[in-house]
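Undergrad: Before I ask anything, let me first share the structure, which is written out below as structure tokens.
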Amino acid sequence: MLALLFILFAGMAIGCALAVVAQRNPLYNAIALIGVFISLACLYVTLAAPFIAAVQVIVYAGAIMVLVVFVIMLLNVEHEERRRNRLKFLVPAAVVLAAVLIAEVAFMLVSVTNPPPAVSNIGLTGSIGAQLFTRYLLPFEITSILLLMAIVGAMTLARRGGLLSSDARLIPGVQQLPLSMVDPRAAPDDLRLVETDSSEEAARLLGVDPRDTERD
Amino acid sequence: MEPQLSWYLALSAILFTIGVTGVIIKRNVIAMFMCIELMLNAVNLTFVAFASFFQDVIGQLFVFIVMTVAAAEAAVGLGIIIAIFRNRESLDVDEASILKL
């Protein structure tokens, strides 16, 4: 019974993974990847890890993939167009590596034996939480710092170029701007001048939408 | 017949390889990013399989931490993707061959 479930979900996982690589539309990639995550969550349940399975669905298939799909929609990504194969010289290397993979899988199937079975409650939320908050408290706290750094980093990266607020207005025409106003990395008192050739260029440097000024 | 530990390891190896292939052959940054997530998940499957067969909770704890790192990676990675798209109007990795934005 468990073997049948394994074959079913393993087949689903491999099929969806192949679709992730084969599809050219990023949105289809994302949907196939969600399929992989769901089938892996089912495999975790057959491995007696219900907590990890739930977290897999909530965090991976839920949060992370929503973020990815959101970015795909936001950037309005086109289809990846076909181009000539630029990796022709890598084909022999790929064949050799595939042979290595097949040998490895065959070796595992033949040689890895199961440890003796034992009854325990390792997959339950309680046992994971007990370990996480006692013996492995330090990695847990470090993870929280990592997440904080990720939040700050993502906000810094995704911020628009200039340091002006969103309701700033642009003066039309050619102009000279202090470097500290244009470049977020420059020192605040850096007054070297940056020359712009048009209103559009000034708008781009300042991160202001030029249509705002036309409306006024 | 019960599923053997080796089955899970084989499945994990296959998924990881598919992920590596995707990272190599894809040109779209977002697609490459998703293939990296696939590789992380293949490794997670190994952790859970070992944790289950050796009756050790540490494997599952580690999966939990890997997921947190993946979430952080998703946030920062997508921020970088948006920054690249804003500067280059393209998600092709061949276009973004200079590290400077």
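Where a number appears in this text, it was derived from the coordinates with a stated rule and is not lab data. What you are looking at is a predicted structure, and each value in this text was computed from that prediction instead of being measured. Here the Cβ is made from the backbone with ideal geometry for all residues, glycine too, and neighbour counts use every protein chain on show.
Undergrad: Roughly what would the spin-label model give for B:ASN87 and B:VAL43, points 7 Å off Cα along C-beta, in nm?
TA: 2.7
Undergrad: Right, something else. Taking beta carbons within 10 Å but only from partner chains, what does the mean come to for residues B:23-33?
TA: Mean number of neighbouring Cβ atoms from other chains: 6.
Undergrad: Short version: ³J(HN,Hα) in whole Hz for each residue of region A:21-34, in order, from phi by Karplus 6.51 cos²θ - 1.76 cosθ + 1.60 (θ = phi - 60°), x for Gly and Pro, what are they?
TA: 7, 7, 5, 9, 8, x, 5, 5, 3, 4, 5, 5, 5, 4
Undergrad: Here's something else I'd like to know. Quick check for me: using +1 on Lys/Arg Cβ and -1 on Asp/Glu Cβ, what's the dipole size of the protein assembly as shown about its Cα centre, in debye to the nearest 20?
TA: The dipole of the protein assembly as shown has a size of about 640 debye.
Undergrad: Once you have the Cα-Cα distance between A:LEU148 and A:SER198, take 0.36 nm times their residue separation minus that, and quote the gain in nm to one decimal.
TA: My answer for the length gained is 14.0 nm.
Undergrad: Suppose only helical runs count, i.e. DSSP H with n ≥ 4. What mean residue ellipticity at 222 nm does that imply for the protein assembly as shown under -39500 (n - 2.57) per run, divided by all residues and rounded to the nearest 500 deg cm²/dmol?
TA: Value at 222 nm, helices only: -21500 deg cm²/dmol.
Undergrad: Multiplying the sequence separation of A:VAL96 and A:GLU141 by 0.36 nm and subtracting their Cα-Cα distance, what value in nm do you get?
TA: 11.9 nm
Undergrad: What is the gain in length, in nm to one decimal, between A:ASN114 and A:ILE7 on full extension, counting 0.36 nm per residue of separation less the C-alpha to C-alpha distance?
TA: Gain in length upon complete extension: 36.7 nm.
Undergrad: Right, something else. Once you list every other residue whose beta carbon is under 15 Å from the beta carbon of B:LEU15, what net charge do they have if Lys and Arg are +1 and Asp and Glu are -1?
TA: So the environment of B:LEU15 carries a net charge of -2.
Undergrad: Using a 10 Å cut-off on Cβ atoms, rank the peptides A:19-28, A:38-47, B:51-60 from the highest mean neighbour count down.
TA: Packing order, densest peptide first, comes out as A:38-47, B:51-60, A:19-28.
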